[in-house]
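Undergrad: The structure is given below, and queries will be raised subsequently.
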Amino acid sequence: MCVEAIPPPSSTLTRRGILAGAAALAGTMAAAGQATAAVDGRGASSGRRAPGTAARLGHLVIQGGTLLDPATGEVTENAVVVIEDGTVRAAGRRGAVAVPQGVEVLDAHGRWILPGLVDAHIHLSTAAEARDAVRKGATSARSGSTSFYQDIAVRELARHSPALAPRLTAAGVFVTPDLGDTVLADPDLTPLARLKDGVRSAEALRRVVEVNLARGADVIKTRVNERAGLPEQDPLAQVYSREQLAEIVAAARRRGKGVLCHSYSEQGCHDAVMAGIRSLEHGAFVGEHTLREMRRRGTYFTPTLTAIAGLAESSDPVLAERGRTYLPVLKRAVLAAHELGVPLAAGTDSSGGVVDPIGGEVVLMHSAGLSPLDAIRTATTGAARLLGLDRTAGRLTRGHAGDALLLSGDPLADLTVLERPVGVVRAGVVA
């Protein structure tokens, strides 16, 4: 059965409702004393304020620590980072950088200073999860989808009150054969509930993409294989063909959006890459043939090692065995991708109310064979490029966002310090 050719709702009307809800949420939290500067996803003032709140502008000087620039590997001792209006205005050795008077100073002596990390695959459905992600070091992130467009509201919350949520690239709802209760996320999805074979026809696939984009999604999330985290599913079973994936990619590209694809099997990974996806997620059994194609196309690899390692600790014997089997295979794929020049991005795949520190994914990248600096790049400059934030996130240089981590030690010597930042700054505000 095909879906009737009903156009999706007006993006202006639907986004207004979402923005109003997010603004109300931000206003409620601000009333509790948590209001912060209003900055948009590119680090500039958005002009939108939560009702009844006065935004705190992010003016801050971080001084005295050791600054690491992931892009160059340069280490600057006794450094100063000057943040004005949530944006870095200057960074360098103390004495070489003019420090403005009357600005709050954060003493970083004995600490290492890094840019805030980027979690390129996370599921944020509540304000508490969003705040937790920031406190654990993810100052920017890309959603791996939500069931009812919560990620779009989280994105707007971040624009009003950046200390409460990461700068977020929202994916909306999952383009998957069985939407389940997600058909209730929007009235224009409800006709899909009567499709006998689920969301598989070209019309149905386009419908989900179009409704997502009408709701303000920044990127589209789909799958080619079943889930690894459900014992009754086979992660190597393919659910969409290359042709179906190409329909999703084409519908997204018509609006200038990319697609991230949940994948496991080599055939599924190859079909997804050939269909034109922007990034391959999980990809445990991706092979060299597909990796070479990814390098040629510039397709990113987000392996979510944290999620697979988590399976190995499951109380369910099927999931535990799956995790123990998949993790070494995935680590070999990560190293092969790195050696071939495939761009890598760090993502935890956190979901269900538990937010894993993105620093843990960096540690796992290193355990797969990357150098400490290259592992850090997967959660800074590399992930920032994937999200289109390479001039905003991933570095602490002039013009970049004033997002920073303070660490208890040298991450180049011990990456585990990234798992427990002693301080987080989001858009010039201590989170």
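Undergrad: With the checklist (1) touching a residue at least 24 places away in the same chain (Cβ under 8 Å); (2) of a type in the set (A, V, I, L, M, F, W, C); (3) in contact with a strand residue (DSSP E or B) (Cβ under 9 Å, 6 or more places away or on another chain) in hand, flag the one item LEU280 doesn't pass.
TA: Of the numbered conditions (1) touching a residue at least 24 places away in the same chain (Cβ under 8 Å); (2) of a type in the set (A, V, I, L, M, F, W, C); (3) in contact with a strand residue (DSSP E or B) (Cβ under 9 Å, 6 or more places away or on another chain), the odd one out for LEU280 is (1).
Undergrad: Further question: Just a yes or no: is a residue in the stretch 163-172 part of a helix (DSSP H, G or I), open to solvent by 10 Å² or more (accessible area, probe 1.4 Å) and of a type outside the set (Lys, Arg)? Break it down stepwise before answering.
TA: Within the stretch 163-172, the subset part of a helix (DSSP H, G or I) is 163-164.
Then keep just the ones that are open to solvent by 10 Å² or more (accessible area, probe 1.4 Å); that gives none.
No, every residue in the stretch 163-172 fails to be part of a helix (DSSP H, G or I), open to solvent by 10 Å² or more (accessible area, probe 1.4 Å) and of a type outside the set (Lys, Arg).
Undergrad: Being assigned to a helix (DSSP H, G or I) and of a type outside the set (S, T, N, Q), is that true of even one residue in the stretch 107-126?
TA: Filtering the stretch 107-126 down to residues assigned to a helix (DSSP H, G or I) leaves none.
No, that holds for no residue.
Undergrad: Looking at ARG426, ARG395, can you tell me which residue is of a type in the set (D, E, K, R), touching a helix residue (DSSP H, G or I) at 6+ places or on another chain (Cβ under 9 Å) and open to solvent by less than 10 Å² (accessible area, probe 1.4 Å)?
TA: From the options ARG426, ARG395, the qualifying one is ARG426.
Undergrad: Evaluate the stretch 354-361: report whether one residue or more is within 21 Å of LEU418 (Cα to Cα), part of a strand (DSSP E or B) and at pLDDT 95 or above.
TA: yes
Undergrad: A follow-up question, please. Take the residues of the stretch 144-162 that are among the hydroxyl-bearing types (Ser, Thr, Tyr) and under 22 Å from LEU117 (Cβ atoms): which is surrounded by the fewest Cβ atoms within 10 Å (Cβ to Cβ)?
TA: Here the answer is THR146.
Undergrad: Sticking with this one: Which residues, taken from the stretch 83-103, are in a strand (DSSP E or B) and closer than 26 Å to GLY382 by Cβ?
TA: Across the stretch 83-103, the qualifying residues are ILE83, THR87, VAL88, ARG89, ALA90, ALA91, GLY92.
Undergrad: Go through (1) in a loop (DSSP other than H, G, I, E, B); (2) open to solvent by 10 Å² or more (accessible area, probe 1.4 Å) one by one and return the number of the condition LEU370 breaks.
TA: (2)
Undergrad: Could you tell me whether any residue of the stretch 176-196 is open to solvent by less than 10 Å² (accessible area, probe 1.4 Å), within 25 Å of ALA120 (Cβ to Cβ), outside any loop (DSSP other than H, G, I, E, B) and hydrophobic (A, V, I, L, M, F, W, C)?
TA: Checking the stretch 176-196: not a single residue is open to solvent by less than 10 Å² (accessible area, probe 1.4 Å), within 25 Å of ALA120 (Cβ to Cβ), outside any loop (DSSP other than H, G, I, E, B) and hydrophobic (A, V, I, L, M, F, W, C).
Undergrad: If a residue must be loosely packed, with under 15 Cβ neighbours inside 10 Å and either among the acidic types (Asp, Glu) or closer than 24 Å to LEU387 by Cα (or both), how many such residues does the stretch 297-332 contain?
TA: The total comes to 5.
Undergrad: Name the residue, out of ARG200, ARG292, that is among the basic types (Lys, Arg), open to solvent by 10 Å² or more (accessible area, probe 1.4 Å) and farther than 25 Å from ARG385 by Cα. Talk me through it step by step, then tell me what you get.
TA: Numbers: ARG292 fails: farther than 25 Å from ARG385 by Cα.
Exactly one of ARG200, ARG292 is among the basic types (Lys, Arg), open to solvent by 10 Å² or more (accessible area, probe 1.4 Å) and farther than 25 Å from ARG385 by Cα, namely ARG200.
Undergrad: So, in the stretch 382-396, exactly how many residues are more than 13 Å from HIS338 (Cβ to Cβ) and within 13 Å of the chain's Cα centre (by Cα)? Break it down into steps so the answer makes sense when it comes.
TA: Residues of the stretch 382-396 that are more than 13 Å from HIS338 (Cβ to Cβ), as a first pass: 383-396.
If we keep only those that are within 13 Å of the chain's Cα centre (by Cα) as well, we get 383-389, 393-394.
Residues flagged as more than 13 Å from HIS338 (Cβ to Cβ) and within 13 Å of the chain's Cα centre (by Cα) within the stretch 382-396 amount to 9.
Undergrad: Still on this model: Does any residue in the stretch 246-272 that is touching a residue at least 40 places away in the same chain (Cβ under 8 Å) come within less than 7 Å, Cβ to Cβ, of a residue that is polar (S, T, N, Q) and surrounded by fewer than 22 Cβ atoms within 10 Å (Cβ to Cβ) six or more places away or on a different chain, and which pairs are these?
TA: Going by the 7 Å Cβ cut-off, the qualifying pairs are SER265/GLN238; GLY268/GLN238; ASP271/SER241.
Undergrad: Next question, about the same structure. In this structure, does VAL417 turn out to be open to solvent by 10 Å² or more (accessible area, probe 1.4 Å), under 15 Å from THR304 (Cα atoms) and not in a loop (DSSP other than H, G, I, E, B)?
TA: Here the answer is no, as VAL417 does not meet what is asked.
The values are calculated or read from the model by the stated rules, or taken from the named source; none is laboratory data. Small disclaimer: the values here were computed from a predicted structure and weren't measured. When we count neighbours, we look across all protein chains shown, and the Cβ atoms used for this are built from the backbone with ideal geometry, even at glycine. Heavy atoms of the whole protein, side chains included, go into the accessibility calculation; ligands, DNA and RNA do not. Shrake-Rupley method; radii C 1.70, N 1.55, O 1.52, S 1.80 Å.
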